[in-house]
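Data first, discussion second: the structure below is written as structure tokens.
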Amino acid sequence: MTAPAYADDKKPTKQPEPPATMSHVGGDRLAKSGTQVQLKEGAPKLPKGLSARSWIVSDPESGEVLAAHNAHWRLPPASTLKMLFADTLLPKFPKTEKHKVEPEDLAGMGEGSSLVGIKEHQTYTVHDLWLGVFLRSGNDAVHTLAAMNQGVEQTVRDMQAHADQLNAHDTHVVTPDGYDAKGQVSSAYDLSLFARSGLQNADFREYCSTAFAQFPGEAKKGKKRPTFGIQNTNRLLTGVYGGKPYEGIAGVKNGNTTHAGATFTGVAQRGDQVLLVTVMNPAKNEANEVYKETASLFDWGFAARDKVEPVGRLVGPQSKEGDASKHSAAKGNGKHSAAHLAATDGAEGRSGAWTALGIAGGAVVVLGAVALAVHRRWPLPELVRRRGR
């Protein structure tokens with residue numbers, strides 16, 4: 001018996017129409033427009049009042065998609081594209097490396113860009129720059145790191161190549177920072193792939209879960225270099241500007257531009273359950289709406305985790321699964337057997353990578369070999385959401 005999908009038995013607020021045909025990557029049901037969910041008897045209904053053009057709720061450990069709405073709709077991503085930027089460039093530079101900023105490093109930033117406050121002719125560590133990217137969504141930090149990577153054009157090429165390798169075929173990269181640009185698009189599905197990939201990197205996990213930090217000010221000869229405080233713009237992490245911290249949140253990235261509206265990808269843990277939620281462009285013009293809809297989808301996902309049939313999955317990279325755009329990841333209604341999910345999950349090469357990282361205390365707890373072999377899980381660190389660095 002199939003239960004009604006929404007708690008109020010009403011359709012969400014009307015949205016502009018998505019394309020009739022979308023990508024089949026991850027399953028045939030994800031190619032369909034509208035809401036895709038398969039509730040078992042007794043499962044909670046989806047939250048009422050969802051107004052986003054696109055959203056997806058998934059389990060980043062198993063890859064199962066619990067529910068989705070226009071998952072492959074190609075939309076402007078805003079600063080959530082910085083997840084792809086970070087996943088592409090983080091491995092290239094040690095965090096202790098230093099860089100003196102030249103005027104040309106900061107050229108070409110869009111008008112009204114979010115900034116962390118980088119100054120020309122000042123020296124910053126790579127660690128400083130990544131704090132600027134993740135906490136303040138600083139386009140000045142993005143452009144400085146891009147300059148270290150042979151420039152914006154090379155960085156865009158690297159990001160596009162990495163997106164393609166991750167089977168994120170809805171994504172077309174034009175700028176490294178997610179600033180509105182003609183033709184720059186991604187999807188809720190692809191943004192979830194970027195987050196899932198990035199979260200396998202300990203540095204990515206540390207930066208995206210840092211709520212508050214100190215950033216270097218302007219150095220002056222003969223004086224100790226001052227610092228100033230910065231806080232994460234992720235309001236589910238910090239609770240600033242009328243937001244409400246979400247229990248178990250540990251990242252990832254938010255964005256907001258004229259054309260993209262508000263976008264957000266978040267990861268959270270309750271007990272031994274981990275969920276990934278991406279929400280793009282809510283229609284409701286209310287303060288913190290993208291965070292409210294994300295939180296409601298998290299609540300639903302944790303309550304429904306074992307009471308729904310998956311409607312698709314997050315695919316692995318081409319290095320493990322081949323080009324997912326050349327074949328449908330699932331036929332028919334998008335269901336996946338436990339054996340199929342386990343096989344493809346193992347193929348993603350996550351064995352040994354999913355560890356409990358005690359970011360706040362600086363301790364790394366490695367999962368027991370037996371538990372890892374039986375169920376490859378990556379418990380997110382607890383108590384990190386309000387701990388500053």
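The values are calculated or read from the model by the stated rules, or taken from the named source; none is laboratory data. Keep in mind that this is a model prediction, so the values were computed, not measured. Cβ placement follows ideal geometry from the backbone for every residue including glycine, while neighbour counts extend to all protein chains displayed. Accessible surface areas use protein heavy atoms only, side chains included; no ligands, DNA or RNA. Shrake-Rupley method; radii C 1.70, N 1.55, O 1.52, S 1.80 Å.
For every residue, the table says whether it meets (1) at pLDDT below 95; (2) in a loop (DSSP other than H, G, I, E, B); (3) within 21 Å of the chain's Cα centre (by Cα).
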position	(1), (2), (3)
MET1	yes, yes, no
ASP9	yes, yes, no
PRO12	yes, yes, no
GLU17	yes, yes, no
THR21	yes, yes, no
HIS24	no, yes, yes
ARG29	no, no, no
GLN36	no, no, yes
PRO44	no, yes, no
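The rows are residues; the columns are (1) closer than 25 Å to LYS292 by Cβ; (2) of a type in the set (A, V, I, L, M).
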| residue | (1), (2) |
| --- | --- |
| LEU135 | yes, yes |
| TYR207 | yes, no |
| PHE212 | yes, no |
| LYS224 | no, no |
| ILE230 | yes, yes |
| THR238 | yes, no |
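When you go through VAL101, VAL65 one by one, which is the residue that is under 23 Å from GLY251 (Cβ atoms), touching a helix residue (DSSP H, G or I) at 6+ places or on another chain (Cβ under 8 Å) and open to solvent by less than 10 Å² (accessible area, probe 1.4 Å)?
Matching residue, one of VAL101, VAL65: VAL65.
Which count do you get for residues in segment 145-179 that are hydrophobic (A, V, I, L, M, F, W, C), open to solvent by less than 30 Å² (accessible area, probe 1.4 Å) and in contact (Cβ under 8 Å) with a residue 24 or more places away in the chain?
7
Could you figure out which of (1) closer than 27 Å to LYS284 by Cα; (2) out of contact with any helix residue (DSSP H, G or I) (no Cβ under 7 Å at 6 or more places or on another chain) isn't true of LYS82?
(2)
Of all residues in segment 32-42, which are surrounded by fewer than 21 Cβ atoms within 10 Å (Cβ to Cβ) and in contact (Cβ under 8 Å) with a residue 60 or more places away in the chain?
Answer for segment 32-42, where residues must be surrounded by fewer than 21 Cβ atoms within 10 Å (Cβ to Cβ) and in contact (Cβ under 8 Å) with a residue 60 or more places away in the chain: GLN38, LEU39, LYS40, GLY42.
Give the residues of segment 201-230 that are aliphatic (A, V, I, L, M) and crowded, with 16+ Cβ neighbours inside 10 Å, sorted by residue number.
Keep residues of segment 201-230 that are aliphatic (A, V, I, L, M), which gives 202, 211, 213, 219, 230.
Selection gives ALA211, ALA213, ILE230.
Looking for something among the aromatic types (Phe, Trp, Tyr), in contact (Cβ under 8 Å) with a residue 24 or more places away in the chain, under 22 Å from LEU199 (Cβ atoms) and assigned to a loop (DSSP other than H, G, I, E, B) - is there at least one such residue anywhere in segment 262-277?
The answer is no; no qualifying residue exists.
Which one of VAL315, VAL290 is open to solvent by less than 20 Å² (accessible area, probe 1.4 Å) and in a helix (DSSP H, G or I)?
So the residue among VAL315, VAL290 that is open to solvent by less than 20 Å² (accessible area, probe 1.4 Å) and in a helix (DSSP H, G or I) is VAL290.
Which numbered condition in (1) in contact with a Leu (Cβ under 9 Å, 6 or more places away or on another chain); (2) open to solvent by less than 20 Å² (accessible area, probe 1.4 Å); (3) within 24 Å of ILE56 (Cα to Cα) is the only one that LEU135 fails?
(1)
How many of the residues making up segment 100-135 are in contact (Cβ under 8 Å) with a residue 60 or more places away in the chain and not in a strand (DSSP E or B)?
The first filter runs over segment 100-135 and keeps only residues in contact (Cβ under 8 Å) with a residue 60 or more places away in the chain, leaving 109-110, 113-114, 116-117, 119, 122-124, 128, 130-135.
Those left that are additionally not in a strand (DSSP E or B): 109-110, 113-114, 116-117, 119, 122, 128, 130-135.
Residues in segment 100-135 being in contact (Cβ under 8 Å) with a residue 60 or more places away in the chain and not in a strand (DSSP E or B): 15 in total.
Out of everything in segment 72-99 that is assigned to a helix (DSSP H, G or I) and of a type in the set (A, V, I, L, M, F, W, C), what residue ends up being nearest to the chain's Cα centre (by Cα)?
Restricting to residues being assigned to a helix (DSSP H, G or I) and of a type in the set (A, V, I, L, M, F, W, C), the top hit is MET83.
In segment 250-261, what count of residues is obtained for those that are open to solvent by 10 Å² or more (accessible area, probe 1.4 Å) and outside any strand (DSSP E or B)?
2
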